[in-house]
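Notes to accompany the following structure.
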Amino acid sequence: MGGDGALLRAAKTALKADKPLIGINSGRLGYLCALEIEDILKTAEFTARNTPKELSVLQFTHEGTTYYALNDVVVAKINFGETVDLTLSVNYANSSKLRGDGIIVATPTGSTAYNLSAGGPVVDLDAPVYVITPICTHMKEAYSQVVAEDKPVQISVNHRYAKVYVDGIMIGKVEDSITVKVSEKKLRLYFGENR
């Protein structure tokens, strides 16, 4: 129970336990939630009538810990008044430099979240892809990319370090690089009947 933030946190537990997840919105937005709080007594009926959707999840390892993201992984600048200097490589090729506020790597589910706010495209939940979107870049040739899910993305930090976020939660800093890929794990999530 809660909003989308609570559901994103609960998704980590559901993935570890390999259990389906249903969100009951008692927060503000609740886009990912299947039911509203006033419908909580209808949960058993709803799950009996519906099948959870399998959603792609991003995965990367940082300082020995594997992290999973339902929405996005973000590598971003340290402070408000600074930029971050990154190199982006897709499938260990096609390197490009980016200087700006950072970069978003988003799942189809996350394409409607921070990615969309940063000017990235919305992709279908069933599309076997993920999205890479620069944040306020100084490079005029830097655009969002839609990438096949079997191609990992490596983000290298070229100067000092950057912060790394998983589904909006800062988990630490990156001084060298991280490699983000689509996980073999899938989150089974019940969506509202109107979605």
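Values quoted throughout were computed directly from the atomic coordinates according to the rules given, and no laboratory measurement underlies them. Keep in mind it's a predicted model, so treat the numbers as computed, not measured. Ideal geometry is used to build each Cβ from the backbone, glycine not excepted, and the neighbour counts take in all protein chains shown.
With θ taken as phi - 60° and the Karplus curve 6.51 cos²θ - 1.76 cosθ + 1.60 applied, the whole-hertz 3J(HN,Hα) list for the stretch 170-184 is 6, 10, x, 10, 10, 9, 10, 7, 10, 10, 9, 9, 6, 6, 6 Hz, x standing for glycine and proline. Each of His62 and Leu29 was given a label point 7 Å from its Cα along the Cα-to-Cβ line. The distance between the two points is 2.0 nm.
Evaluated at q = 0.15, 0.26, 0.29 Å⁻¹, the base-10 log of the normalised Debye intensity for the stretch 4-55, with identical point scatterers placed on the Cα atoms, takes the values -0.41, -1.13, -1.25. Each label point was placed 7 Å from the Cα along the Cα-to-Cβ direction; for Asp18 and Thr47 their separation is 1.8 nm. Pick out which of Ile104, Ile22, Ile37 has the largest mean-square fluctuation in a Gaussian network model of the chain, springs linking Cα atoms closer than 10 Å. Evaluated over the chain, the most mobile residue of the options is Ile37.
Grab the beta carbon distance between Phe80 and Val146, set R0 = 41 Å, and tell me the FRET efficiency rounded to 0.05. Don't skip to the answer; put the middle values down first.
Details: r = 30 Å, r/R0 = 0.72.
Here the calculated transfer efficiency is 0.90.
Whole-Hz Karplus values for the stretch 86-95 come out as 10, 10, 10, 10, 9, 6, 6, 8, 6, 5 Hz, taken residue by residue from phi with 6.51 cos²θ - 1.76 cosθ + 1.60 and θ = phi - 60°; glycine and proline positions read x. Taking a straight Cα-Cα cut-off under 16 Å and skipping sequence neighbours fewer than 8 places away in the same chain, the lysines within cross-link reach of Lys186 are Lys12, Lys16, Lys19, Lys53.
Expressed in nm to one decimal, what extension gain is obtained for the pair Asp176 and Ile37 from 0.36 nm per residue of sequence separation less their Cα-Cα distance?
Full extension of this stretch gives 45.7 nm more.
The order of the peptides 40-51, 132-143 by mean Cβ neighbours within 10 Å, most packed first, is 132-143, 40-51. Peptides 24-33, 145-154, 91-100, ordered by how many other C-beta atoms sit within 10 Å of their residues on average, highest first, read 24-33, 145-154, 91-100. Helix 4-17 and the longest principal axis of the C-alpha atoms of the chain enclose an angle of approximately 80°. Counting only lysines at least 8 places from Lys140 when in the same chain, those with an alpha carbon closer than 17 Å to its own are Lys97.
Distances over 22 Å make up what percent of all Cα-Cα pairs in the chain? Don't skip to the answer; put the middle values down first.
Values: 8805 of 18915 pairs.
Within the chain, distances greater than 22 Å cover 47 percent of Cα pairs.
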